[in-house]
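First comes the structure, then the notes that go with it.
Taken together, the values in this text are just the output of simple stated rules run on the coordinates, not laboratory data. Nothing here was measured: the structure is a model prediction, and the numbers come from that model. In this analysis, Cβ positions are derived from the backbone assuming ideal geometry, glycine residues included, and neighbour counts consider all displayed protein chains.
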Amino acid sequence: MDRRDFLKSAALLCALGVAARVDRAIGGETKSSSVRGVVRRRYKNTAIELPLLGFGMMRLPLRGRTIDKAKSQAMVDRAMAAGINYFDTAYFYLGGQSESFVGEALRKYPRDSYFVVSKMPVRKLKRASDLELIFQEQLRKCRVDHFDFYMLHALNAKMFDLAERLKAYDFLKQKKAAGKIRYLGFSFHDTPEVLTRIADAHEWDFAQIQLNYLDWELYRSREQYELLTSRKIPVIVMEPLRGGKLANLPEKAARILKNAAPNSTPAAWAFRYAASLPNVMTILSGMSRMDYLEENIRLFQDIKPLNEQEQRVLAAALRVLRNIDSVACTGCHYCKCPSEVAIPEMLKIYNEYLEDKDLAKFRKAYQAFPTDKRAENCVACGRCVKACPQMIRIPEEMAKIVKLVKK
């Protein structure tokens, strides 16, 4: 995307109004306030005010392979104190531990003081009866009698076909009528053409999409956002930092932002970009450390949209970023490898090599991994490709890594 195209999309943000103050948004007036700390936005024309920053429970602190409950509980408590009371979990997050932790961490708080968000794992479904079994399991694990927001998880063309065949929407609609779900939506990873089909198939209360300034054109997020906005479907933003990529920019791109705003951070620029869109209901951040949480709290207490000059600065940084080859891995860990290859970690050090071209550094990082976790163990079975939301051809990337190591 060149400067002109970027500024066109930037103009859209400015034209849509100042999101961090008072916006005329989908279905009614969306107000922002900071009564309990972070900025809040009203959900459609209801009395519900949601925090603009939501806590994604996919990247909690770990101790080995299990959640570090003490650190994670402290972060949940701090988030609640700052008004970040929207907790987004899912059946598969953190190897199935996330929902149980959410239930445990929030049990000391009144049920009406927080929002629990989870998702039906469509790719786990084999038959229609699985819907009830999984839904009841999720209620038990989260220790709630209803979900505030609930989604069909990670829909693409194939998963939506499966969900339709098993009548998953009809099942969840019944749960909503019974008071077990307050608002029903879906999360999405595919093209705008597939999104059109899903959005028009049923009545949805909201949708969750991948949106950030890198993917605005690259992942066609702009088309997805505009499509949902035109249908009056509020948007939840996932991957506002592109799996941390936009918080850890290449030096040249980071310098452009630093020169324009010495006291800001690359992450703040990315969050403000997403927050500038008035049909954005909540922006999720998968925070793994307390200092990340504190930084985000400070930002979202008085977050402001990017002005025209800042949009130009970000466009310059984006041009640098787009000129660096990289693999679009966000570190979601959906790609469970039967050969136990550490796929996200392999792609991370490979991306670092693509940025700095330091072969010695790359080989040293690669050899630091246990031999059974390295890319050379990939047998190209393709299971990871089917699970990857970014549609990365992972076996091909593993082959490139192996070739580079041997170089």
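Go through segment 209-247 and give me each residue that's of a type in the set (S, T, N, Q) and in contact with a His (Cβ under 9 Å, 6 or more places away or on another chain).
Result: Q210, single match.
Can you name the residue in segment 332-352 that is hydroxyl-bearing (S, T, Y) and not in a helix (DSSP H, G or I) and is also farthest from the chain's Cα centre (by Cα) among such residues?
S339
Of all residues in segment 114-144 being under 24 Å from the mean Cα position of the chain (by Cα) and of a type in the set (S, T, N, Q), which is surrounded by the fewest Cβ atoms within 10 Å (Cβ to Cβ)?
Filtering segment 114-144 for residues that are under 24 Å from the mean Cα position of the chain (by Cα) and of a type in the set (S, T, N, Q), the one surrounded by the fewest Cβ atoms within 10 Å (Cβ to Cβ) comes out as Q138.
Residues being in a loop (DSSP other than H, G, I, E, B) and touching a helix residue (DSSP H, G or I) at 6+ places or on another chain (Cβ under 7 Å): count how many of those fall in segment 278-310. Give the steps one after another, and end with the answer.
Taking segment 278-310 first, the residues in a loop (DSSP other than H, G, I, E, B) are 278-279, 286-289, 301-307.
Of the ones still in play, those that are also touching a helix residue (DSSP H, G or I) at 6+ places or on another chain (Cβ under 7 Å) are 279, 287, 303-306.
Within segment 278-310, residues that are in a loop (DSSP other than H, G, I, E, B) and touching a helix residue (DSSP H, G or I) at 6+ places or on another chain (Cβ under 7 Å) number 6.
For segment 38-67, what are the residues that are hydroxyl-bearing (S, T, Y) and part of a loop (DSSP other than H, G, I, E, B)?
Within segment 38-67, Y43, T46 meet the criteria.
Quick check: anything in segment 214-234 touching a residue at least 24 places away in the same chain (Cβ under 8 Å) and small (G, A, S)?
No.
Of all residues in segment 68-108 being on the phi > 0 side of the Ramachandran plot and part of a helix (DSSP H, G or I), which is nearest to the chain's Cα centre (by Cα)? First the steps, then the outcome.
To start, the set of residues in segment 68-108 that are on the phi > 0 side of the Ramachandran plot comprises 83, 94-96.
Then keep just the ones that are part of a helix (DSSP H, G or I); that gives 94-96.
On the way: L94: 14, G95: 17, G96: 17 Å.
Within segment 68-108, the match that is nearest to the chain's Cα centre (by Cα) is L94.
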